[in-house]
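The block underneath contains the structure these notes are about, expressed in structure tokens.
The values are calculated or read from the model by the stated rules, or taken from the named source; none is laboratory data. Quick caveat, the model's predicted, so the values are computed rather than measured. We place every Cβ from the backbone using ideal geometry, glycine too, and count neighbours over all the protein chains shown. Surface accessibility is based on the protein's heavy atoms, side chains included, excluding ligands, DNA and RNA. Shrake-Rupley method; radii C 1.70, N 1.55, O 1.52, S 1.80 Å.
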Amino acid sequence: MTASLNLAQQDAVNHLRGPCLVLAGAGSGKTRVITHKIARLIQTGVDGKRIAAITFTNKAAAEMRERARGLVGKAAGEVLICTFHALGVRLLREDGAALGLKPHFSILDSDDVLSLLKDCGTTTDAATARQWQWTISGWKNAGLNAAAALAQATSEGERQTAQLMARYEERLSAYQSVDFDDLIGLPLRLLQQNEQVTEKWQARLAHVLVDEYQDTNATQYELMKRLVGARGSFTAVGDDDQSIYGWRGATLDNLRRLPLDFPQLKVIKLEQNYRSTGAILRAANNVIGPNPKLFPKRLYSELGEGEPVRVVACDHEAHEADRAVARIQSLRQTSTHKDWRDFAILYRANHQAKVFEQALRRAQIPYKVSGGQSFFDRAEIKDLCAWLRLWVNEDDDPAFLRAVTTPKRGIGHQTLAQLSEFAAKAHLSLFGALYAHSLGAALPARAVGSLQEFGRELNDLRYRARHAVGRDAARTLLDDWLAAIHYEKHLHDTSDSPGQAAARWSNVIDFRDWMADRCGGQVADAAGVSRPEEPRTLLDVAQTISLISTLNEREQDPNVVTLSTLHAAKGLEWPHVVLAGVNEGLLPFRPDEDAGAAAQAARIEEERRLMYVGITRAQRTLVVSWTRRRKRGREIVAAQPSRFIAEMALDQATVREDPREKLKALRAEFAQRAASQPTGA
Ligand code: ATP
Ligand code: MG
């Protein structure tokens with residue numbers, strides 16, 4: 001098995017006890033070390049259940065599971081391979097009671113949090129609420145609760161936000177709900193406060209592996225430290241040059257602290273890049289050169305020089321998109337990598353995708369956009385998720401309000417306001433209030449009747465969901481439910497056209513099938529092969545929906561061109577990459593004018609790492625394109641190439657394509673020829 005690993009990788013894989021850090025550049029086989037180490041641990045007799053491997057996304061987790069399965073077969077299925085957040089769910093489900101949390105708490109996504117904050121702060125302004133969300137999330141990631149945030153507040157604005165945070169926290173706990181930050185913060189608090197729980201988890205986990213370690217934040221690091229205990233049996237792999245989540249609280253200090261917190265840490269460096277050609281790797285090494293380093297490193301490749309990196313200057317975005325499409329089409333004629341899945345177009349910001357989508361569509365090339373709007377952000381899916389959340393957790397008042405009004409069932413605003421007032425006075429959730437004796441005194445009999453009818457319907461569904469194990473039972477229940485609430489009719493009543501209603505209903509059907517599939521039975525893996533999975537109840541599946549962003553996390557690589565932000569491309573690789581919009585103001589992103597000089601410099605360093613991540617996604621060919629003009633809001637403004645293009649220090653062999661220059665040269669040549677033609681007859 002270790003034949004496909006170099007000596008340094010084998011070293012990392014065979015270091016089975018104690019702490020190990022693999023610190024190495026892009027494409028050097030860090031993720032491969034993790035997968036092989038899972039297999040090695042299992043082969044040496046460690047029970048798969050006692051291994052946890054933490055990845056950055058659900059997709060990465062699914063991929064790692066498949067790879068581990070390829071190495072050790074079924075035993076890999078037992079390993080806990082998931083994101084930090086999913087691990088947090090596991091911890092809280094089992095032991096959250098010590099914090100007053102029911103096992104079936106709700107997990108609010110970013111949109112839910114935003115509306116809850118608007119509610120707590122009585123504002124309708126999304127920008128203000130987003131600012132609060134940002135600040136509160138920052139505090140939570142730094143380990144502060146509302147009281148601590150208030151104590152350290154230095155301005156009136158911060159004090160007000162901290163007070164708002166206190167109200168927000170109260171609501172969350174009343175609704176038995178947590179936000180994404182809580183999925184890390186609460187397990188950490190639990191382990192800090194409760195020795196017994198800590199001992200249980202430390203005894204359970206024989207080894208913890210963490211991929212993309214450079215992008216962990218301070219709370220995630222503390223959580224990892226608590227989980228591994230003094231024994232410190234863990235493997236972290238990362239690359240300081242690829243730390244690109246500083247803006248979200250990730251900190252390179254976690255890399256600096258590791259040898260101090262674990263003096264017996266074994267540090268392994270990998271230097272061979274197995275991904276990219278020499279030309280691509282040289283450009284990457286040159287770009288990252290100016291950034292300060294935790295340790296000096298220079299990657300080499302044995303894949304040969306390969307094709308030179310191309311820099312393409314374009315007139316505007318549409319031109320740039322057409323060039324990218326033309327490039328893909330011509331490479332399909334000449335390259336040995338001809339599948340659509342061999343191509344990616346990467347860019348800095350989500351809004352850049354649109355023009356590439358249009359160009360690909362015109363050329364009838366299949367594509368997917370990753371890192372864009374999530375399937376679960378669609379209104380119809382959010383409606384259904386509200387119902388499911390309420391099945392799971394009856395105290396989830398926001399879910400109650402959405403479910404009781406979607407589809408409309410004659411329960412109006414006034415009734416709900418009265419119910420809310422009654423529930424608040426009685427210290428009950430909205431659902432709990434339906435069954436209070438004194439409700440009849442507070443609301444008209446007809447309103448009470450409709451509310452209790454809703455409660456009955458819900459209880460019936462919840463009872464069935466608790467017992468619906470496996471795919472077929474789940475599917476029947478979901479169908480019965482959709483029919484009972486007349487959801488298809490609701491879509492027809494609320495859509496702009498029959499076509500739109502049909503499209504939304506088809507999303508609902510996809511969602512139903514996906515939910516049912518996740519309840520287990522047979523599941524098709526990436527290769528389309530069916531294999532048995534442990535059946536789960538619909539309630540268990542419903543709880544973790546908000547952690548998932550696409551329906552097809554298992555579906556590894558449909559044969560389509562990838563459009564992706566640089567952030568979402570982390571850890572991935574493609575034979576052919578077009579890095580687009582490499583302009584000042586985009587990559588590096590527009591500077592924040594209010595920031596001080598040190599903050600500006602740090603920001604440029606992070607943008608440079610992003611450029612490095614982009615370049616190192618390419619295996620065989622890389623095109624870097626920029627435009628002379630760009631749209632900025634409604635205006636078209638002149639644009640400059642990114643400083644990072646010069647920093648790639650491409651040599652003479654580089655092809656610098658400039659269609660305008662080419663045209664000018666052709667015209668000049670033509671004019672010259674015309675001039676030298678003998679005139680007259
Ligand atoms: P990134 O920093 O982008 O996350 P990484 O260090 O995790 O990259 P991997 O994705 O593990 O790198 O590996 C990069 C590519 O090199 C993969 O295609 C992998 O299969 C291949 N590879 C890694 N190690 C070896 C090896 N020893 N022999 C052959 N191929 C290898
Ligand atoms: Mg990796």
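See the values below:
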read-out: Candidates Ala39, Ala61, Ala53, filtered to the one that is under 30 Å from Pro259 (Cα atoms), touching a Cys at 6+ places or on another chain (Cβ under 6 Å) and within 16 Å of ligand 1 (Cβ to nearest atom); value: Ala61
read-out: Condition check for Ala98: open to solvent by less than 40 Å² (accessible area, probe 1.4 Å) and small (Gly, Ala, Ser); value: no
read-out: Tabulated pairs, the stretch 194-219, first more than 27 Å from Gly571 (Cβ to Cβ) and more than 16 Å from ligand 2 (Cβ to nearest atom), second assigned to a helix (DSSP H, G or I) and open to solvent by 10 Å² or more (accessible area, probe 1.4 Å), C-beta under 7 angstrom, 6+ apart or interchain; value: Asn194/Ala98; Val197/Asp95; Val197/Ala98; Thr198/Arg226; Arg204/Arg50
read-out: Positions within the stretch 619-646 being more than 19 Å from Cys314 (Cβ to Cβ) and modelled with pLDDT of 95 or more, in sequence order; value: Gln619, Arg620
read-out: Leu346 crowded, with 16+ Cβ neighbours inside 10 Å and part of a strand (DSSP E or B); value: yes
read-out: Subset of the stretch 143-171 (residues that are open to solvent by less than 70 Å² (accessible area, probe 1.4 Å) and either assigned by TED's automatic domain parsing to the domain that holds Thr219 or not in a helix (DSSP H, G or I) (or both)); value: Gly143, Leu144, Ala153, Ser155
read-out: Ala218, sole failed condition from (1) open to solvent by 10 Å² or more (accessible area, probe 1.4 Å); (2) hydrophobic (A, V, I, L, M, F, W, C); (3) closer than 20 Å to Ser115 by Cα; value: (3)
read-out: Condition check for Val355: over 27 Å from the mean Cα position of the chain (by Cα) and among the aliphatic types (A, V, I, L, M); value: no
read-out: Check on Ala68, modelled with pLDDT under 95 and open to solvent by 20 Å² or more (accessible area, probe 1.4 Å); value: no
read-out: In the stretch 241-277, the residues that are touching a Phe, Trp or Tyr at 6+ places or on another chain (Cβ under 8 Å), in a helix (DSSP H, G or I) and surrounded by fewer than 21 Cβ atoms within 10 Å (Cβ to Cβ); value: Arg257
read-out: Enumeration of residues in the stretch 421-441 that are free of Cβ contacts under 8 Å to residues at least 60 places away in the same chain and either open to solvent by less than 60 Å² (accessible area, probe 1.4 Å) or outside the structural domain of Gly410 (by TED's automatic domain parsing) (or both); value: Phe422, Ala423, Ala426, Leu430, Phe431, Gly432, Ala433, Leu434, Ala436, Leu439, Gly440
read-out: Subset of the stretch 396-420 (residues that are in contact with a helix residue (DSSP H, G or I) (Cβ under 7 Å, 6 or more places away or on another chain), farther than 28 Å from Asp510 by Cβ and open to solvent by 10 Å² or more (accessible area, probe 1.4 Å)); value: Asp397, Gly410, Ile411, Thr415, Leu416, Gln418, Ser420
read-out: Subset of the stretch 519-569 that is out of contact with any strand residue (DSSP E or B) (no Cβ under 6 Å at 6 or more places or on another chain), within 16 Å of ligand 1 (Cβ to nearest atom) and open to solvent by 20 Å² or more (accessible area, probe 1.4 Å) - its residue that is modelled with the lowest pLDDT; value: Ala526
read-out: Residues within the stretch 573-588 that are surrounded by fewer than 20 Cβ atoms within 10 Å (Cβ to Cβ) and assigned to a loop (DSSP other than H, G, I, E, B), tallied; value: 2
read-out: Any hit, the stretch 582-601, residues being at pLDDT 90 or above, within 16 Å of ligand 2 (Cβ to nearest atom) and touching a Gly at 6+ places or on another chain (Cβ under 8 Å); value: no
read-out: Flag if Asp377 is in contact with a Ser or Thr (Cβ under 6 Å, 6 or more places away or on another chain), of a type outside the set (Gly, Ala, Ser) and under 30 Å from Ser106 (Cβ atoms); value: no
read-out: Residues being within 13 Å of ligand 2 (Cβ to nearest atom) and assigned to a strand (DSSP E or B) - total across the stretch 1-45; value: 3
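Listed here are the residues, each with its yes/no results for (1) open to solvent by 40 Å² or more (accessible area, probe 1.4 Å); (2) within 24 Å of Thr405 (Cβ to Cβ).
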residue	(1), (2)
Leu443	no, yes
Phe454	no, yes
Tyr463	yes, yes
Gly470	no, no
Arg475	yes, no
Leu478	no, yes
